[in-house]
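Undergrad: Dumping the structure here so I can ask a few things about it.
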Amino acid sequence: MLILGIDPGTRILGYSLLDTDEGAPRILAMDVLYLRNIPDFNQRIRRIFDSTVRIIDSFHPDHLAIEAPFFGKNVQSMLKLGRAQGVAIAAAMSRDLSYTEYEPSVIKQTVTGNGIASKEQVAAILRSILGFDDDPKYLDATDALAVAYTCHMQFTNPLADLRSQLAPGKTKRKSAKQQWSEFVNQNPDRLS
């Protein structure tokens, strides 16, 4: 499976492509879309859409993994981030690409074992796991790789799906039986 990971942003959008077909996952691409030099917000959104479509058309990924917007104090920033995420998802859907959304804490937990890890810690662990040499200029690229890696881990081991961790307002985890039932219902083609 080839997974396109996106860390959405309206100033810098990180993206990565993780090939998981032959044994250990390997990085095909990891970079950012730098948008700060585009003053008009609508043009930034358009660039996100066009660039996401171009990446999909160039690499033909099987699935999009995207980070969910986090709830911060600045409502305007959160709304803009949500628009960037929505446009990237719309671009994927325009190419009939399925997608999965992951909470930031789930991504950090999957990669580092700590749901509140720093961007630097996430990058260091990914470097250790996936063996890339150079740190990218922007950590948004490794954040996108972390999203793709989280998706890979979910598909590789669905019972370890960390989305079942305690979520706001929930009081207990899903049982392994419930997780397996959900996986079977969502992935009938993966069972032989």
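Undergrad: As an exercise: evaluate GLU22 against (1) assigned to a loop (DSSP other than H, G, I, E, B); (2) modelled with pLDDT of 95 or more and give the number of the one condition it does not meet.
TA: For GLU22, the failing item is (2).
Okay, residues lined up against (1) free of Cβ contacts under 8 Å to residues at least 24 places away in the same chain; (2) part of a helix (DSSP H, G or I); (3) closer than 15 Å to ASP7 by Cβ; (4) among the hydroxyl-bearing types (Ser, Thr, Tyr):
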position	(1), (2), (3), (4)
GLU101	no, no, yes, no
ILE116	yes, no, no, no
LEU126	yes, yes, yes, no
ASP133	yes, no, no, no
VAL147	no, yes, yes, no
CYS151	no, yes, yes, no
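Undergrad: Let me ask something else. Of the numbered conditions (1) modelled with pLDDT of 95 or more; (2) out of contact with any helix residue (DSSP H, G or I) (no Cβ under 6 Å at 6 or more places or on another chain), LEU35 fails exactly one; give the number of that condition.
TA: With respect to (1) modelled with pLDDT of 95 or more; (2) out of contact with any helix residue (DSSP H, G or I) (no Cβ under 6 Å at 6 or more places or on another chain), LEU35 is out only on (2).
Undergrad: Within the stretch 111-150, take every residue that is more than 19 Å from PRO8 (Cα to Cα) and among the hydroxyl-bearing types (Ser, Thr, Tyr) and give me the one that is surrounded by the most Cβ atoms within 10 Å (Cβ to Cβ).
TA: The extreme case among them is THR112.
Undergrad: Please pick out the residue among ARG36, ARG26 that is touching a strand residue (DSSP E or B) at 6+ places or on another chain (Cβ under 8 Å) and either surrounded by fewer than 13 Cβ atoms within 10 Å (Cβ to Cβ) or over 24 Å from LYS137 (Cα atoms) (or both). Even if it seems obvious, please write down each step before you answer.
TA: Working: ARG26 fails: either surrounded by fewer than 13 Cβ atoms within 10 Å (Cβ to Cβ) or over 24 Å from LYS137 (Cα atoms) (or both).
None of the others qualify; the one that does is ARG36.
Undergrad: Mind counting the residues in the stretch 51-70 that are in a helix (DSSP H, G or I) and surrounded by 13 or more Cβ atoms within 10 Å (Cβ to Cβ)?
TA: Applying the first criterion (in a helix (DSSP H, G or I)) to the stretch 51-70 yields 51-59.
Among the residues that remain, those that are also surrounded by 13 or more Cβ atoms within 10 Å (Cβ to Cβ) are: 51-53, 55-56, 59.
Number satisfying all stated conditions: 6.
Undergrad: Any residue at all in the stretch 153-167 that is at pLDDT 90 or above, over 24 Å from ASP50 (Cβ atoms) and in contact with a Ser or Thr (Cβ under 6 Å, 6 or more places away or on another chain)?
TA: The answer is yes; a qualifying residue exists.
The values are calculated or read from the model by the stated rules, or taken from the named source; none is laboratory data. Given the structure is predicted, the values throughout are model-derived calculations rather than measurements. Note: ideal-geometry Cβ built from the backbone for every residue, glycine included; neighbour counts use all protein chains shown.
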